[in-house]
1. Against the definition (open to solvent by less than 20 Å² (accessible area, probe 1.4 Å) and either touching a residue at least 40 places away in the same chain (Cβ under 8 Å) or assigned to a helix (DSSP H, G or I) (or both)), how does A313 come out, yes or no?
2. Could you say which residue among V33, V71 is assigned to a helix (DSSP H, G or I) and in contact with a Leu (Cβ under 8 Å, 6 or more places away or on another chain)?
3. Any idea which of A166, A205 is in contact with a strand residue (DSSP E or B) (Cβ under 7 Å, 6 or more places away or on another chain), open to solvent by less than 30 Å² (accessible area, probe 1.4 Å), in a helix (DSSP H, G or I) and over 22 Å from F240 (Cα atoms)?
4. Out of Q111, Q78, Q87, which single residue is open to solvent by less than 30 Å² (accessible area, probe 1.4 Å) and either at negative phi or out of contact with any Pro (no Cβ under 6 Å at 6 or more places or on another chain) (or both)?
5. Restricting attention to region 182-202, report how many residues are assigned to a loop (DSSP other than H, G, I, E, B) and surrounded by fewer than 13 Cβ atoms within 10 Å (Cβ to Cβ).
6. Inside region 279-297, can you point out the residues that are in a strand (DSSP E or B) and loosely packed, with under 13 Cβ neighbours inside 10 Å?
7. Would you call V156 over 30 Å from E260 (Cα atoms), surrounded by fewer than 18 Cβ atoms within 10 Å (Cβ to Cβ) and in contact with a helix residue (DSSP H, G or I) (Cβ under 6 Å, 6 or more places away or on another chain)?
8. Considering only residues that are outside any loop (DSSP other than H, G, I, E, B) and of a type in the set (K, R), look in region 216-253 and name the one that is surrounded by the most Cβ atoms within 10 Å (Cβ to Cβ).
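The values are calculated or read from the model by the stated rules, or taken from the named source; none is laboratory data. Just so it is clear, the model here is predicted, and its values are computed rather than measured. Positions of Cβ are generated from backbone atoms using ideal geometry, with glycine treated the same way; all protein chains shown enter the neighbour counts. The protein model used for the area step is the full one, side chains on, heavy atoms only, and it has no ligands, DNA or RNA in it. Shrake-Rupley method; radii C 1.70, N 1.55, O 1.52, S 1.80 Å.
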Amino acid sequence: MRIRFPIFFAVLAFFLAGSSPAHAVLADRIAAVVNDDIILYSEVLAAAQSWKNMLDAIPDADRREKKRREVHGKILDQMIDDRLMEQQIKEFDIKVTSKEVDKGIERIMQQNGIPDLETMKHTLKMKGIDWEEYRKEIKKQFQRMQFVQAKVGNRVRVTKEDIREAYEKEQAGQNREYEYRASHIIFRVKKDAPEEEVMHQREKAMEILGKVRAGEDFAALARTYSEGPTARNGGDLGYFQKGIMVQVFEDACVKLKVGETTDLVRTPFGFHIIKLTDKRPLAGEDFETAKGRLQGRLADEQREREMGVWMKALREKAYVRILLNDPPAPVLPSPVETGEKKMEKTEDSIAAGAE
């Protein structure tokens, strides 16, 4: 069982998107039964979407099918554990408030050097992640964390020796990384903006780029002309590490020497003029600074191991039936059918799939 608290989790894309609703229902079937719940084949396909290109690239059909079954099997196995966990959370009625979710997101932003909520939303959007879905996932992770703590928290013991050993291993394997500080002047371009508007914004950006190259004060130009929320700060974005900014923006920054500016950089948000104002190595932590973080990490690892043992016992007691590679069962019941009628049809589908 993997207990996860993602910074940027991957939103699952529905593999059959673009198909008509009728086709999606006809193509669907039961992949597994978990107590009184079911996991659909379409859910497995959606979760496996990130593997699709890799699988499609395998030239040999037999090897491709073997790998596909392996990937789908591992994904389904994790989904079964997740479904059992969700059932337990529902049974114990674990609550997480919107305020707790907000505070959790604030901590994620602070830990990753994200300056404001708008930047956070833009970053998620560029990764294809819906804001409301992200909040739901954070809420789900909080519920899981509370449940795990309640179940196995009293079994976790981290000693000073454990922390010292982890610190020494970390220091021995540490690679030098940098963080960057940049300012920018942005001329926004809306998605699907007409070509005339794009050219107009580009012309404005080129005019200000000329002023920058002529030696005019970058911060003053940003305060006057930038169309982003950082304009009032002279375009200052603060310090950030790799992986935070949009890739094309990051690539332009890391190529600069301190004090240099880019030509126009086009991102999905518009045209940017970027100035690198500082670059510094990430300082290695001393033991006193690091020990709290390491204790938390080691405790998380212990909780995960203990939870794995607990989940294994739970799964042994649960009713779990895997039908992933069985022949397709009859059409699933209509979503509008509920109660006993739905259960009867589901049980018929399971029986038919097993024959």
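1. No; evaluated as a whole, the condition is false for this residue.
2. Going through V33, V71 in turn, the sole match is V71.
3. Numbers: A166 fails: in contact with a strand residue (DSSP E or B) (Cβ under 7 Å, 6 or more places away or on another chain).
Among A166, A205, only A205 is in contact with a strand residue (DSSP E or B) (Cβ under 7 Å, 6 or more places away or on another chain), open to solvent by less than 30 Å² (accessible area, probe 1.4 Å), in a helix (DSSP H, G or I) and over 22 Å from F240 (Cα atoms).
4. Q78
5. Selection size over region 182-202: 4.
6. Once the filter is applied, which keeps residues that are in a strand (DSSP E or B) and loosely packed, with under 13 Cβ neighbours inside 10 Å, region 279-297 yields R280, P281.
7. Yes; evaluated as a whole, the condition is true for this residue.
8. R223
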